[in-house]
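The values are calculated or read from the model by the stated rules, or taken from the named source; none is laboratory data. Please read these numbers as outputs of a predicted model, since none were measured by experiment. Reconstructed Cβ throughout: ideal geometry from the backbone, glycine too, with neighbour counts over all protein chains shown. Only protein heavy atoms, including side chains, enter the accessible area calculation; ligands, DNA and RNA are left aside. Shrake-Rupley method; radii C 1.70, N 1.55, O 1.52, S 1.80 Å.
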Amino acid sequence: MFVACLAGAVLAASSLPAQGSTQSISGLSAESLFDVARRAEAADNASGDADAEAIYVALAGDPDIDVRQEARFRHGQLLTRRGKLAAAATLYRAILDERPDATRVRLELAAVLARLNDLPGARRALRQAQAGKLPPQVALAVDQYAAALRSAKPLVASLEVALAPSTNVNRATNATTLDTIIAPFELSDDARARSGIGVRLGGQVFARAPLRPHLGVTARLPGQGTLYRDTSFSDISGAGQIGL
């Protein structure tokens, strides 16, 4: 009952002109209000969630940027837990409008967008998060998540091109002679190591087809090669993989 009454008071405060913080109207500090909202969420019922949401909505109008951003973030997490993903994404974007460097919020936004099946938006949010300074363990987890999002595409293709200079394109010896049982055998220029510049190509095609909600078939065709003007020195390799 106390939480419900307090939520109503704070909501009423949020409808008044912004002449002061929620503390000046409710009589409680923002920290105390956050604690009340946390205890309301811990009740794990619809009434408690509604009370917590009312407090977060009110605190989102606080003139202190730290308070309102914290309120929006907690509100977004509450909405995510309740399955209201589009509303949570809107709150996370509101935070990022004021604080573009809030990496944690950007990661939460990416996760929500992925659940909304907005994979391009999720990948964009991850790229923006990766552009900032992340702790090594966090960066690794983000990289793995980004790879998982890329693999969720039905069809992916990549191609890499580079120059391939080599001092021994024919994999021969630099020696001028070859010792044999009878006598040393003199090697011609064609039989000795030769240098050259080629092109190195690498790429893959990855395809995924769903069979059931949690089952699909995937196929991967990677390949690479080093190509020289004299094709007898070129190397080309490839592979094929398919499975459930």
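Data table
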read-out	value
Residue, surrounded by the most Cβ atoms within 10 Å (Cβ to Cβ), within the range 55-90, restricted to residues that are within 22 Å of the chain's Cα centre (by Cα) and outside any helix (DSSP H, G or I)	Lys84
Count of residues meeting criterion [outside any helix (DSSP H, G or I) and modelled with pLDDT under 85] in the range 112-133	4
Residue check, Lys153 modelled with pLDDT under 75, charged (D, E, K, R) and either over 23 Å from Pro222 (Cα atoms) or open to solvent by less than 90 Å² (accessible area, probe 1.4 Å) (or both)	yes
Which numbered condition Pro136 fails, given (1) more than 26 Å from Ala86 (Cβ to Cβ); (2) more than 17 Å from the chain's Cα centre (by Cα); (3) at pLDDT 75 or above	(2)
Test: Ala43 is without any contact (Cβ under 8 Å) to a residue 12 or more places away in the chain and either buried (at least 22 other Cβ atoms within 10 Å of the Cβ) or aliphatic (A, V, I, L, M) (or both)	yes
Every residue from the range 194-209 that is surrounded by 11 or more Cβ atoms within 10 Å (Cβ to Cβ) and either under 16 Å from Thr167 (Cα atoms) or of a type in the set (A, V, I, L, M) (or both)	Arg194, Gly196, Ile197, Gly198, Val199, Arg200, Leu201, Val205, Ala207
Residue ID - modelled with the lowest pLDDT, chosen from residues in the range 210-244 that are of a type in the set (Ser, Thr, Tyr) and open to solvent by less than 100 Å² (accessible area, probe 1.4 Å)	Ser232
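Residues checked against (1) charged (D, E, K, R); (2) modelled with pLDDT under 85; (3) farther than 29 Å from Ala141 by Cβ:
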| residue | (1), (2), (3) |
| --- | --- |
| Ala18 | no, yes, yes |
| Ala37 | no, no, no |
| Ala43 | no, yes, yes |
| Tyr56 | no, no, no |
| Tyr92 | no, no, no |
| Arg99 | yes, no, no |
| Leu107 | no, no, no |
| Ala110 | no, no, no |
